[in-house]
Amino acid sequence: MIAKILSSASRDFHGVKYNDKKVHNEKGELMLMKNFPSFINESSSQEEVRNYFKAISESERTRKPQFHAVISTKYQEHSKEQLTEIADNFMQEMGYGQQPYLVVFHKDTENNHVHIVSTRVDKNTGKKINDSFERLKSQQALAKAMEKVLGTNYQATIEKLLQYRFSNLQQLEMLLTRNGFKVVQSENNPNQLNILHNGVVQKTLFSDKLHYQEKQKGDKRIKQIKAFIDKYKDLYSNKVFKVIDDRVQQGLYERNILPQEPIPPQIEYVSELQEKLRQIFGIDIVFHFKDDKQPFGYTLIDNKNQQVYKGSEIAKMKDIFDFTENSIDKREFERLKDYNLRSDKEKQILIQYLLKEGVGLKDFMLFENKRFKSKENNPDFQQLKEDVRQHIENAKDDDFVILEQDDNGAYYAIHQRYHQIHKLSFLLGKEEYQSFIIGTSIHNASEMRSSTDLKHSSSGKISEVLNDVADIFKALGKSTYAPRDTTEDELKKRRKKRK
């Protein structure tokens, strides 16, 4: 989860207008209005809310009083209710607890996120709220809010990691890095190590006081780990490929900042076998490499037994992994890894769609994922089903739904926001799906097409097939979807032509 203070400061409070537009277009939802007077409420227009903000923000020293922040989670890891509660606590920690502010949930991207809009001018004193080191302060505020709402405690996590058995400083640094922390050596004292999370120091260590532990002789756990690897390398792909993260460089480029020296991208080597060993047994395998060359070794972190091993203590790297020249962008990889790929069929459907979009991937670069269960009481699943129906009935090209066919003619729905793939028949039900097939067949027959495959352009627009099917659905009515007999219409057309 991340918090970001936006640079969109303004005198006219455009953030209110922006978020109101999202709500109006059904891509946002007003979750909270706090500390407003009774005459400014959920029924007020965005202009009334903006005028109120402007009225209490009159200050000669503050030219742009708008405070606009975003709190975002990875995909749908946290609900809109959780994000709203975190945003509320975040504002308390930032010193805006008594200020009027609104929280709007956005559902227009694949990441759940909320926008917060307030004023930097204290409504009681008329003075500007202290914004020194605001970006650093925002990370501290987020950490405290997450601890209060979710129970997230970075200090406790670090203490737990320090209980692991590691034999040198490099292993400790790797252990902390794999858990989202960064180890930075103090400029003033080389013996001092600061452990950071999102730029905030969480703990300070001194390297001369660290306790290293050598492995015990006859470690039985090594045999167990070898057995796990031998078994699962036959079940999941051991082909290793490169994941490239160049977000730092892109961020600098977008802000027109040219670094004095080129910043190399961050590189990671991954495989499906590694992912499954981590998920099932808590075994994390990390490769060692220089620059972007093929790895020369690895370290194994046994999270279950809190032990860090040298790869040579377990097995030769070449006996476990098969290295390839394939690579993928980090953001794309994380997105695809989140999809519910429960079978080879769903994997092939996703590969088929990506190929149409100009993204060529090997099947071993998509990992099996059975975490999601289609529960009828799951609100996200209910929304997914509704989105698919709306997509078919309205033939919209600005939603998150893609329809694909397999070689046997069966349709699948890909939802790009929820990262899920399902058989269309499963989502619609037998009768509704049959009506969809009939509607598609009618269109194809009238257009004298030989294929029922949905074709869409590189821009992802919905084909004419979907538009015609949508018209048929609307004509038939939502409840029955029974096809209308068009024979009489065809006979009338032929009679007119003869005349």
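For the pairs Lys160/Lys209; Lys215/Lys330; Lys203/Lys242; Lys22/Lys137; Lys80/Lys362; Lys4/Lys74, flag any whose C-alpha to C-alpha distance is greater than 25 Å.
Lys215/Lys330; Lys203/Lys242; Lys22/Lys137; Lys80/Lys362
Would you work out the relative contact order for the chain, in percent, from Cα pairs under 8 angstrom that are 6 or more residues apart?
9
Taking the Cα centre of the range 335-395 as origin, sum charge times position over the Cβ atoms of Lys and Arg (+1) and Asp and Glu (-1), and report the length of that vector in debye to the nearest 20.
In debye, rounded to 20, the range 335-395 gives about 260.
So how long is each side of the range 272-382 along the principal axes, counting just the alpha-carbon atoms, biggest first, in Å?
Projected onto its principal axes, the Cα set of the range 272-382 covers 48, 35, 22 Å.
Looking at the chain, which longest stretch skips every one of the GluC sites (Glu not before Pro) that is in a DSSP loop with at most 13 other Cβ atoms within 10 Å, leaving the sites themselves out?
215-356
Charges at C-beta only: +1 for Lys and Arg, -1 for Asp and Glu. How large is the resulting dipole of the range 30-127 about its Cα centre, in Debye rounded to 20?
Magnitude of the dipole: close to 420 debye.
Once you wrap a convex hull around the alpha carbon atoms of the range 220-337, what is its projected area averaged over all directions, in nm²?
Its average projected convex-hull area is 8.6 nm².
Provide, as a two-decimal number, the C-alpha radius of gyration of the chain over 2.2 N^0.38 Å, N being how many residues it has.
That works out to 1.20 for the chain.
Which of Ser237, Thr119, Ile314 sits farthest toward the positive end of the charge dipole of the chain, with +1 on the Cβ of Lys and Arg and -1 on the Cβ of Asp and Glu?
Result: Ile314.
Where a number appears in this text, it was derived from the coordinates with a stated rule and is not lab data. Every value quoted in this text rests on a predicted model; they were computed, and no experiment measured them. Glycine also receives a Cβ, built like all others from the backbone with ideal geometry; neighbour counts cover every protein chain displayed.
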